[in-house]
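As structure tokens, the structure follows; a few thoughts come after it.
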Amino acid sequence: SSFNCRGKLGFPMEETFDVVDRSDKVIGRASREQVRRDGLLHRSAHLLVFDGSGRVLLQKRSMGKDRFPGRWDSSVSGHVDSGEGYDQCIVREAMEEIGIILEETPERLFKIDACQETDQEFTWVYRTDSEGPFAPDEEEISEIGWFTGDEVSHLVKTDPESVSPSFALVWSKLLSRR
């Protein structure tokens, strides 16, 4: 409901993120808008959801998103809120974005340093296994779909404009670990 995201006078509450230094230590806080405008280093988390046959669930970002609308992305991805840890963030985002309840922190795969592809975000990437059911947040996500690893690799290679730059980086790092 819209009640949750409104402040005292009915103004939307601005998201606040921790600002970090090059070694991912918190050095301050800033609004989403300020972080974007000034290219400040901040944090995000991505989750890759796999099914029993090894396919990965991807979400297509809604056309209302300010960054990379209409592109395929990790199963779940989101900014770490100010005062929140990566692990808390991914559990919250999994619930908010696709409606799955993670009883515990999913497996941590690897961390990506802040760079252009991640929009200056230090990013922890997690994985979990789930067959759903999923309840995608329609404001954030236009569709979800299962893809084989080969299908994802083909998409990233032949149609890079169809995936978010951060997901393309996540996928390449995942493949390089295998």
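The values are calculated or read from the model by the stated rules, or taken from the named source; none is laboratory data. The structure displayed is predicted, hence computed values, not measured ones. Cβ atoms come from the backbone with ideal geometry, glycine included; neighbour counts cover every protein chain shown. In case anyone asks, the SASA skips ligands and DNA or RNA and just uses the protein heavy atoms, side chains included. Shrake-Rupley method; radii C 1.70, N 1.55, O 1.52, S 1.80 Å.
Contact map, the stretch 91-115: first residue without any contact (Cβ under 8 Å) to a residue 12 or more places away in the chain, second residue surrounded by 19 or more Cβ atoms within 10 Å (Cβ to Cβ) and part of a helix (DSSP H, G or I), Cβ cut-off under 8 Å, separation 6 or more or different chains; pairs are Ile101/Ala94. When the stretch 148-174 is filtered for residues that are in a strand (DSSP E or B) and more than 21 Å from Met63 (Cα to Cα), nothing remains. Counting only strands (runs of 3 or more DSSP E) wholly contained in the stretch 11-109, the ones carrying 3 or more residues that are over 21 Å from Ile141 (Cα atoms) occupy 16-20, 26-31.
Being of a type outside the set (A, V, I, L, M) and open to solvent by 40 Å² or more (accessible area, probe 1.4 Å) is the filter here, so list the residues in the stretch 73-100 that pass it.
Step one: filter the stretch 73-100 for residues of a type outside the set (A, V, I, L, M), giving 73-75, 77-79, 81-89, 92-93, 96-97, 99.
Answer for the stretch 73-100, where residues must be of a type outside the set (A, V, I, L, M) and open to solvent by 40 Å² or more (accessible area, probe 1.4 Å): Asp81, Gly83, Asp87, Gln88, Arg92, Glu96.
For the stretch 135-147, the condition holds for no residue, the condition being that it is surrounded by 16 or more Cβ atoms within 10 Å (Cβ to Cβ), more than 17 Å from Ile100 (Cα to Cα) and of a type in the set (Val, Ile, Thr). Within the stretch 113-127, restricting attention to residues that are acidic (Asp, Glu) and open to solvent by less than 50 Å² (accessible area, probe 1.4 Å), the residue that is modelled with the lowest pLDDT is Asp119.
Name the residue, out of Ser176, Ser130, that is surrounded by 13 or more Cβ atoms within 10 Å (Cβ to Cβ) and of a type in the set (S, T, N, Q). Even if it seems obvious, please write down each step before you answer.
On the way: Ser176 fails: surrounded by 13 or more Cβ atoms within 10 Å (Cβ to Cβ).
Step by step, each of Ser176, Ser130 is checked, and only Ser130 is surrounded by 13 or more Cβ atoms within 10 Å (Cβ to Cβ) and of a type in the set (S, T, N, Q).
Kindly check whether there is at least one residue in the stretch 23-46 that is closer than 17 Å to Ile144 by Cβ and surrounded by 17 or more Cβ atoms within 10 Å (Cβ to Cβ).
Checked against the condition, which is being closer than 17 Å to Ile144 by Cβ and surrounded by 17 or more Cβ atoms within 10 Å (Cβ to Cβ), the stretch 23-46 yields at least one hit.
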